[in-house]
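Visitor: Below are the structure tokens for one structure; questions will follow.
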Amino acid sequence: MPHRTDRVKLSPRDHLFALTGAGVSAESGLPTFRAANGLWRGYRVEEVATPEAFAADPALVWQFYSERRLRHQTVRPNPAHFALAELERGLGDRFFLCTQNVDSLHEQGGSQRVVHMHGHIRQSRCSSRRCSSRPFDDSNSYRTREEIPFCNACGALIRPHICWFGEVPFEMDLILHQLAGATVLLTVGTSGVVEPAASFVKMARRNGAKTIYVGPEEPSNSAFFDEVLSGKAGEVLPGLVRASGD
Ligand code: OAD
């Protein structure tokens with residue numbers, strides 16, 4: 001770890017951009033993607049979370065997301081989610097939270113200014129790029145090809161409302177606008193290998209922002225962080241948030 005500190009002080013002029021990854025939900029019981037236990041039936045996420053995988057075997061892809069949907073129904077926010085919500089209550093619109101996670105744990109923990117750049121596990125949409133129908137709430141499980149519904153508007157198969165590998169994440173204009181105005185980037189629980197989120201730290205640094213990482217392991221992009229706070233998000237963040245307001 002290049003640096004270590006126990007305190008991060010925020011000034012009244014600071015704009016904080018928080019970026020979270022799977023690690024922030026790990027203590028709630030949701031497995032991360034790249035841990036030793038991160039494989040699903042022997043597949044890496046890069047093998048099932050793609051448009052090509054869906055075209056080849058939509059039932060397999062839906063089985064992957066259906067299992068995740070069921071799991072998400074049982075989890076609750078942990079102290080890391082609550083700490084970020086507390087930070088937001090203090091900073092108001094000087095706080096912005098961008099998550100790569102598709103769960104709703106930030107919202108359940110009280111966060112309001114949350115953007116899900118990789119979509120939502122509890123939403124589905126039409127799989128046709130030409131269809132103008134909107135994503136919709138959907139917590140159903142689909143296990144066979146026959147169970148997968150078709151779009152009412154165009155007849156194509158329904159797919160999870162998730163950003164897959166090779167696709168552009170959601171809300172990038174808003175995210176990049178917020179990142180450009182940030183004076184502090186707080187990144188939590190992400191391995192720093194999936195773009196474009198992995199490059200946010202470089203962008204923030206170029207703009208002069210202070211950059212902080214929280215997680216038990218050094219991320220791939222750790223060289224770009226001013227501070228790397230080693231530990232679990234649920235243990236580090238509550239103290240960090242208290243210290244930031246001192
Ligand atoms: P990864 O699984 O790649 O990384 C999770 C990170 O969380 C690792 O660096 C762990 O060290 C860290 N971690 C584990 N437990 C933690 C804890 N208790 N507190 C803090 N950190 C902890 O997950 P992401 O980086 O989020 O995209 O993955 C990025 C994207 O890759 C995901 O959004 C997903 C995946 O493909 C899509 O599905 C589109």
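The values are calculated or read from the model by the stated rules, or taken from the named source; none is laboratory data. Here the structure is a predicted model, which means the values were calculated and not measured. Every residue, glycine among them, receives a Cβ derived from its backbone with ideal geometry; neighbour counts consider all protein chains shown. We work out accessible area using only protein heavy atoms, side chains counted, and drop any ligands, DNA or RNA first. Shrake-Rupley method; radii C 1.70, N 1.55, O 1.52, S 1.80 Å.
Visitor: Solvent-accessible area per residue for segment 194-246 at a 1.4 Å probe radius, Å²?
Guide: With the other protein chains kept in place, segment 194-246 gives 44 Å² per residue.
Visitor: Just to check I understand the Karplus step: with θ = phi - 60° and J = 6.51 cos²θ - 1.76 cosθ + 1.60, what whole-Hz values come out for segment 77-82, glycine and proline as x?
Guide: Karplus values, whole Hz, x for Gly and Pro: x, 10, x, 5, 4, 5.
Visitor: Continuing with this model, one more query. Report relative contact order for the chain in percent, whole number only (criteria: Cα-Cα under 8 Å, sequence separation at least 6).
Guide: Relative contact order for the chain comes out at 28 percent.
Visitor: Determine the share of the chain's accessible area contributed by carbon and sulfur atoms, expressed in whole percent, with a 1.4 angstrom probe.
Guide: With neighbouring chains kept in place, the figure for the chain is 49 percent.
Visitor: I'd like the FRET efficiency for Leu70 and Lys202, computed as 1/(1 + (r/R0)^6) with the beta carbon distance as r and R0 of 41 Å, rounded to 0.05.
Guide: Taking R0 as 41 Å, the efficiency between Leu70 and Lys202 is 0.65.
Visitor: In the chain, which cysteines lack any other cysteine Cβ under 4.7 Å from their own?
Guide: Isolated Cys, the chain: Cys98, Cys163.
Visitor: With a sphere of radius 11 Å drawn around the Cβ of Lys232, what net charge do the other residues whose Cβ falls strictly inside it have (Lys, Arg +1; Asp, Glu -1)?
Guide: -3
Visitor: Taking Cα centroids, how far is segment 155-186 from segment 24-84 in Å?
Guide: Taking the Cα centre of segment 24-84 as reference, the centre of segment 155-186 is 18 Å away.
Visitor: So, in Å, what gap is there between the alpha-carbon centers of segment 94-114 and segment 187-246?
Guide: 16
Visitor: With an 8 Å cut-off on Cα pairs and a minimum separation of 6 or more residues, tell me the relative contact order of segment 138-245 in percent.
Guide: It rounds to 18 percent for segment 138-245.
Visitor: Okay, moving on. What residues qualify as long-range amide H neighbours of Asp138, i.e. H under 5 Å apart, gap of 5 or more or another chain, H built at 1.01 Å from N?
Guide: Gln123, Ser124
Visitor: Taking a probe of 1.4 Å, how large is the accessible area per residue of segment 26-118, in Å²?
Guide: 44
Visitor: Got the relative contact order for segment 53-165 handy, in percent, Cα pairs under 8 Å and 6 or more residues apart?
Guide: After rounding, I find 29 percent.
Visitor: Can you tell me the length gained on complete extension of the stretch Lys9 to Thr50, counting 0.36 nm per residue apart and subtracting the Cα distance?
Guide: Gain on extension, Lys9 to Thr50, equals 10.7 nm.
Visitor: If you don't mind, there's one more thing I want to ask. Lys and Arg at +1, Asp and Glu at -1: add these up for the other residues within a Cβ distance under 15 Å of Ala56 and post the number.
Guide: Value of the local net charge: -2.
Visitor: May I ask for the net charge around His161, where only other residues with Cβ less than 10 Å from the Cβ of His161 are counted and Lys, Arg are +1 while Asp, Glu are -1?
Guide: Within the 10 Å Cβ shell, the charges total +2.
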